[in-house]
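Enquirer: I'd like to ask some things about the structure below.
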Amino acid sequence: MRRFTKIALTGALTGALVAAGMSGAAAEIDHQPVILPDCAVTFVPDGGDLGDAECLQPARETASASSGRDCRDGRDGRHRGCRDGHGHDDHVSYVVVTEHGPWGSRAEREGWHLYFVEPGLYYVPRRFNDQASAWASYGFCGHFHVHAPGTQPAAFFPKNRAGNFPYGRVGNDELSGVSVYDHCG
């Protein structure tokens, strides 16, 4: 009985350490981003329903003109990662915040997602303000803010990572602003 208790406690402690360390874990793409053409901020409703994806903020003209790539998949016109002229996948940078956590869980995949695909300072839209529970960054770094972008309290997030709120000084359901940078090193 003592051995069983020791194994159970060790397993529970390991699980707690893994869950607590998620914010430092490398972000692994377990679902494709939904990126609309010429859109800087894309909202995807519950469960990633592509048919209901909505552009909340258009891309800056200089950013969309400089990309020179067509990242649409041809079936529904939505970006699903980019391909070069030879059919090879190209890197798409984005930051995503989600309604539910923990990151990578079934609950996370079933809630709404906000994709930020262009460097800049963003307010979280009012209808999603103070509701985010998980996040991931691919190719971008930046700061999460409790109030307006560029203000304190804030928490720096590195590129190619994923995690949950609370993160740094930003609590669960406290996210109001996101600063996205493409120069991270």
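Enquirer: Please work out whether region 83-170 counts as rounded, prolate or oblate from its C-alpha gyration tensor, where a ≥ b ≥ c are the square roots of the eigenvalues and a/c under 1.5 means rounded, while otherwise a/b larger than b/c means prolate and anything else oblate?
Expert: Here region 83-170 falls in the prolate category.
Enquirer: Rounded if a/c is under 1.5, else prolate if a/b beats b/c, else oblate: with a ≥ b ≥ c from the C-alpha gyration tensor eigenvalues square-rooted, which is region 129-169?
Expert: Oblate.
Just so you know, all these numbers are worked out from the coordinates, no wet-lab data involved. Please read these numbers as outputs of a predicted model, since none were measured by experiment.
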